[in-house]
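Coordinate-derived values only; no laboratory data. Everything numeric here is computed off the predicted structure, so don't read it as measured data. Backbone-built Cβ (ideal geometry, glycine too); neighbour counts: all protein chains shown.
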Amino acid sequence: MTAAPDSVGKNGPSEAADPLFRGFSVRSLQLRNRIVMSPMTRAYSPGGVPGPDVAQYYRRRAEGGTSLIVTEGVAIDHPASVDHASVPRMFGAKALAGWRAVVDGVHEAGGRIIPQLWHVGPLWGAMGGGTDVTPMRPSGLWGTPGITSYSSDLVRASQPATRAMTTADIDAVIEAYRTAARGAIEAGFDGVALHGGHGYLLDSFLWADTNRRDDEWGGDAERRAAFPAAVVRAIRAEIGEDLPIFFRFSQHKQQDFSARLADTPEELGALLRPLVTAGVDVLDASARRFQDPAFEGSSLGLAGWAKQLTGAAAMAVGSVGIGSALKDRRSSGNPILDNREDLLRRLAADEFDLIGIGRLHLADPAVVRTLRAGEPLPQYDYNKHESALL
């Protein structure tokens, strides 16, 4: 086990001593460091087709030293998948050709890249969409609203129950995930990631508040995991044994930042173990702050619990270098929180295996060089960085 340095000075710890710069491998994916660009919606792909600007955007992060890039959420081929015309998709000849250019550029720069396949599920309409599409909801429910960044008008409009997903709906979505995974491999990606958090479709089956089914797709924690596990199995059968599958999950939801997927470690394990059995290699634990304890009585964060409960590799993500609360993320000049000491300590102790960094990658495509050198962290500014493809 590599020990974390006592401090991070101007010149930084040596790479041999820095757990951020240890190599990591899972199946055929070999990474030169533990730093991952976390997925962030960009919506710069008109008609769902990523163009040269998107390819350069991702290539710059690979050139900056980021080992693995997880793309923004990518729509699968289902009519209720994603409700924004400029979110990229993983189907159609033009989109797949665009992704091939993205992948080639990242590979030429020495990086690796996987797409995050996305179905918004109950949250259809938050980015636009239309009323002619029925949102996919396990039990017809949007979710109990709480602390959210959504407008009160959107919350009110989303509250009426829709029909619950039918068996035909479930089968169609599983098939759409499978074909999207095939498209990703045809485009040359190094694996597949699934968005199973934040209240979106896969998460809405895991979450007891939105999954109140009493058939094979709902009930106790293990049965609520049945649909996401079926999606994972379909993808594993499609892509084979060489390439890894990442799965994002979260306690918080877009419907309510204070919501909890699991109230105890036992419940969390019951939800996650079927996913690992089905073929997930890396559990991407999306938290508001990576270092926050997930449960009382332990300092382990959400990623640490995921690894301990399942034996799978885990990736932590949440406010690396950023001190503002999630509800304040749109303020200009978000304060810097230099939490590298805590990050290095947890990585050195193998609490988790990878660290996902999101907003700092928007502030500085070469943030990995900054981390390597121990220089001051870049400052993320929502008004400057969120709406531009820098």
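Which GluC sites (Glu not before Pro) from the range 167-238 combine a DSSP loop assignment with at most 12 other Cβ atoms within 10 Å?
When the GluC sites (Glu not before Pro) of the range 167-238 are filtered for loop state and at most 12 Cβ neighbours within 10 Å, Glu216 remain.
Report ³J(HN,Hα) in whole Hz for each residue of the range 155-164, in order, from the Karplus equation J = 6.51 cos²θ - 1.76 cosθ + 1.60 where θ = phi - 60°; Gly and Pro get x.
Going residue by residue, I get 4, 4, 5, 8, 5, x, 5, 9, 5, 6 Hz, with x marking Gly and Pro.
What are the extents of the Cα atoms of the chain along their three principal axes, in Å, largest first?
Rounded to whole Å, the extents work out to 58, 50, 44 Å.
By how many nm would the segment from Ser299 to Ala349 grow when fully extended, if each residue of separation counts as 0.36 nm and the alpha-carbon distance is taken off?
Full extension of this stretch gives 16.7 nm more.
Positive end of the dipole of the chain, charges at C-beta (+1 Lys, Arg; -1 Asp, Glu), about the Cα centre: which of Thr277, Ser45, Gly121 has its Cα farthest in that direction?
Of Thr277, Ser45, Gly121, it is Ser45.
Quick check: the distance between the Cα centres of the range 185-238 and the range 14-58, to the nearest angstrom?
23 Å
Putting +1 on Lys and Arg Cβ atoms and -1 on Asp and Glu Cβ atoms, find which of Val317, Ser139, Ala388 reaches farthest to the positive end of the dipole of the chain.
Ala388
Enumerate the amide H contacts of Leu117 below 5 Å, restricted to partners 5 or more residues apart or on another chain; note that Pro and chain-start residues carry no placed amide H.
Under 5 Å from the amide H of Leu117 lie the amide H atoms of Val74, Ala193, Leu194, His195, each far enough along the sequence or on another chain.
Once amide H atoms are built 1.01 Å from N in the peptide plane, which residues 5 or more positions from Ala208, or in another chain, come under 5 Å H to H?
Under 5 Å from the amide H of Ala208: no residue qualifies.
Using amide H atoms built in the peptide plane, which far-off residues or other-chain residues are under 5 Å from Ala313 H to H?
Long-range HN contacts for Ala313: Leu283.
Aspartates and glutamates within cross-link reach of Lys94: Cα-Cα under 17 Å, excluding same-chain residues under 8 positions apart?
Output for Lys94: Asp53, Asp77, Asp104, Glu186.
Taking 0.36 nm per intervening residue step and subtracting the Cα-Cα distance, what contour gain separates Glu266 from Ala237 on full extension?
Details: separation 29, 0.36 × 29 = 10.44 nm, distance 2.87 nm.
Result: 7.6 nm gained on full extension.
Could you give the size of the charge dipole of the chain about its Cα centre, using +1 on the Cβ of each K and R and -1 on the Cβ of each D and E, expressed in debye and rounded to the nearest 20?
Values: 41 positive and 46 negative charges, 124 e Å.
It comes to approximately 600 debye.
If you plug each phi of the range 245-259 into the Karplus form 6.51 cos²θ - 1.76 cosθ + 1.60 with θ = phi - 60°, what whole-Hz ³J(HN,Hα) values come out, in order, with x for Gly and Pro?
10, 9, 9, 7, 9, 7, 6, 6, 10, 4, 5, 7, 5, 8, 5
In sequence order, what are the phi-derived ³J(HN,Hα) couplings for the range 189-195 according to the Karplus relation 6.51 cos²θ - 1.76 cosθ + 1.60 with θ = phi - 60°, rounded to whole Hz, with x for glycine and proline?
Coupling constants for the range 189-195: 4, 9, x, 9, 10, 10, 8 Hz.
Based on Cβ point charges of +1 for Lys and Arg and -1 for Asp and Glu, what charge dipole magnitude is obtained for the range 134-189 about its Cα centre, in debye rounded to the nearest 20?
120 debye
How high is the relative contact order of the chain, given as a whole-number percent (alpha carbon pairs under 8 Å, six or more residues apart)?
Relative contact order of the chain: 18 percent.
Aspartates and glutamates near Lys384 by alpha-carbon distance under 13 Å, same-chain residues fewer than 8 away left out - which ones?
Asp364
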